[in-house]
Amino acid sequence: LEEHLGAEKEQIILVGHSMGATMVMDAARKDAFLLSIPIGLGDWRVVLDSPKGVRDHVNKIKQYTGVSVDPEMLRQSKAQYVPEVVFGSCPLTPVRLIFTRYDDGPKTLFPYFNEAQEKCTSMVGWRILPLGDHMYGTELNRFPKLIRDLYSRISLTLLKWQLLDLIERAEP
């Protein structure tokens, strides 16, 4: 964005979901952007400590994005995905985490988040979407397509509303 469109870092909003949430948290600790919105951040040890979990996640990334990820590289980089690192220092960018009602994030990350909020004050905040799950209904295969599509549309609309509200509040 800086190189090709001439954007200043202070104009850029970082948004990442799931594993991408960890990456935008990391970027927010290293540089000053307008805002960082990690969506569905979790403790990746559950996935990355299990060979099957890594394999399943690599397959999922390939299936949904077309991107091939080396399982060994993912296993080796798991240290950067643990909450102690993610919340290890105050961000240079304001961070507003978004969790859905059924994410494990609030339960597993609250002690780290609470500590970060105390030491970093208003730089770190969070919101919970009441109806969504981690994939916003897009992977709910146990329901008929019509119900799955409706649920996904509702939870994705709530997510978009939260994102727009956060962006509006962040704009100078």
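Under a Cβ-only charge scheme (Lys and Arg +1, Asp and Glu -1), can you give me the dipole magnitude of the stretch 68-126 about the Cα centre, in debye to the nearest 20? Please report the intermediate quantities before stating the final value.
Working: 6 positive and 7 negative charges, 30 e Å.
So the dipole magnitude of the stretch 68-126 works out to roughly 140 debye.
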Taking every Cα atom in the chain, find the radius of gyration and the maximum pairwise distance Dmax, and write them in Å.
-> 16.6, 46
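Just add up the charged neighbours of R153: K/R +1, D/E -1, any other residue whose Cβ is under 15 Å from the Cβ of R153.
On the way: positive: K145, R148, K160; negative: D133, E139, D149.
Around R153, the surrounding residues sum to 0.
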Residue-count net charge about G132 - beta-carbon cut-off 15 Å; Lys, Arg +1, Asp, Glu -1 = 0
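Got a sec? What order do I147, I98 fall in by accessible area at 1.4 Å, biggest, i.e. largest, first? Numbers along the way, then the final one.
Details: I147 90, I98 0 Å².
I get I147, I98, largest accessible area first.
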Roll a 1.4 angstrom probe over the protein heavy atoms and tell me the percent of accessible area of the stretch 113-172 that is carbon or sulfur.
-> 61 percent
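Could you do me a favour and compute the accessible area per residue for the chain, 1.4 Å probe, result in Å²? Mind showing how you got there, number by number?
Numbers: 10070 Å² over 172 residues.
Per-residue accessible area for the chain comes out at 59 Å².
Can you list the trypsin sites (Lys or Arg not before Pro) in the stretch 106-172 that are in a DSSP coil and have 16 or fewer other beta carbons within 10 angstrom? Walk me through the intermediate numbers first.
Values: sites: K107, K119, R127, R142, K145, R148, R153, K160, R169; in loops: R142.
Sparse-neighbourhood loop trypsin sites (Lys or Arg not before Pro): R142.
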Toy charge model, Lys and Arg Cβ at +1, Asp and Glu Cβ at -1: the stretch 1-121 dipole around Cα centroid in debye, rounded to 20, equals 400 debye
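In Å³ and rounded to a whole number, note down the convex hull volume per residue for the Cα atoms of the stretch 33-79. Walk me through the numbers on the way to the answer.
Values: hull volume 5.2 nm³, N = 47.
Per residue, the Cα convex hull of the stretch 33-79 comes to 110 Å³.
The values are calculated or read from the model by the stated rules, or taken from the named source; none is laboratory data. Note that the structure is a prediction, hence the values are computed from the model and not measured. Backbone-built Cβ (ideal geometry, glycine too); neighbour counts: all protein chains shown. Accessible surface is based on the protein model in full, side chains and every heavy atom, while ligands, DNA and RNA are left aside. Shrake-Rupley method; radii C 1.70, N 1.55, O 1.52, S 1.80 Å.
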